[in-house]
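These notes are about the structure you will find just below.
FYI, it's all coordinate maths here, none of it is from the lab. All of these numbers come straight from a predicted model, not from anything done at the bench. Glycine gets a Cβ as well: all are built from the backbone with ideal geometry, and neighbour counts include every protein chain shown.
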Amino acid sequence: MTAVEWLVKELGEYLPTSIKDVQSMIEEAKEMEQTNTDNKVIHFAEWLTKKHTLALIILYEHFEEEHYGDK
């Protein structure tokens with residue numbers, strides 16, 4: 001369930017309700033959406049690391065040279 005789907009469900013169950021309650025639900029939906037985004041980034045990084053280890057090592061070496069010079 002996405003955060004928006006959750007919010008629609010919650011609003012449907014509680015309307016009419018106070019504006020304070022609605023604001024609280026909106027904030028919770030935003031937090032859920034951020035968590036979903038964070039999880040996608042973590043899963044992408046895990047996938048990338050498993051599939052493209054050699055490319056990541058080469059890119060890291062270029063990064064190190066560019067930002068820290070020769071060691």
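Pairs of Lys residues in the chain, spaced 8 or more positions apart or belonging to different chains, with C-alpha separations under 25 angstrom: 7 in total. Between T35 and Y68, the FRET efficiency from the beta-carbon distance, with R0 = 25 Å, is close to 0.15.
Over the Cα atoms of segment 16-55, Rg to Rh with Kirkwood Rh, two decimal places?
Values: Rg = 17.3 Å, Rh = 12.4 Å.
My calculation puts Rg/Rh at 1.40.
Using DSSP H assignments, which helices in the chain have an axial alpha-carbon span of 15 Å or above and a mean Kyte-Doolittle hydropathy of 0.0 or higher? Please report the intermediate quantities before stating the final value.
Values: long enough: 3-14 (16 Å, 0.07); 19-51 (48 Å, -0.88); 53-68 (22 Å, 0.08).
Once both thresholds are applied, what remains is 3-14, 53-68.
With a Förster radius of 35 Å applied to the C-beta separation of S24 and E46, the computed FRET efficiency comes to 0.60. Counting only other residues whose beta carbon sits under 15 Å from that of K20, what net charge do I get with K and R as +1, D and E as -1? Neighbourhood net charge equals -4. Positive-end ranking of L11, V41, A55 along the dipole of segment 3-68, with charges on Cβ about the Cα centre, is headed by L11.
Using only the Cα atoms of the chain, what semi-axes does the equivalent ellipsoid have when each is the square root of 5 times a gyration tensor eigenvalue? Give whole Å, largest first. Working shown, then result.
On the way: eigenvalues 402, 41, 5 Å².
Sorted largest first and rounded, they come to 45, 14, 5 Å.
How much net charge surrounds L11 when only other residues with a Cβ under 13 Å from its Cβ are counted (Lys, Arg +1; Asp, Glu -1)?
Values: positive: K9; negative: E5, E10, E13, D21, E28.
That sum, taken over residues with Cβ under 13 Å, equals -4.
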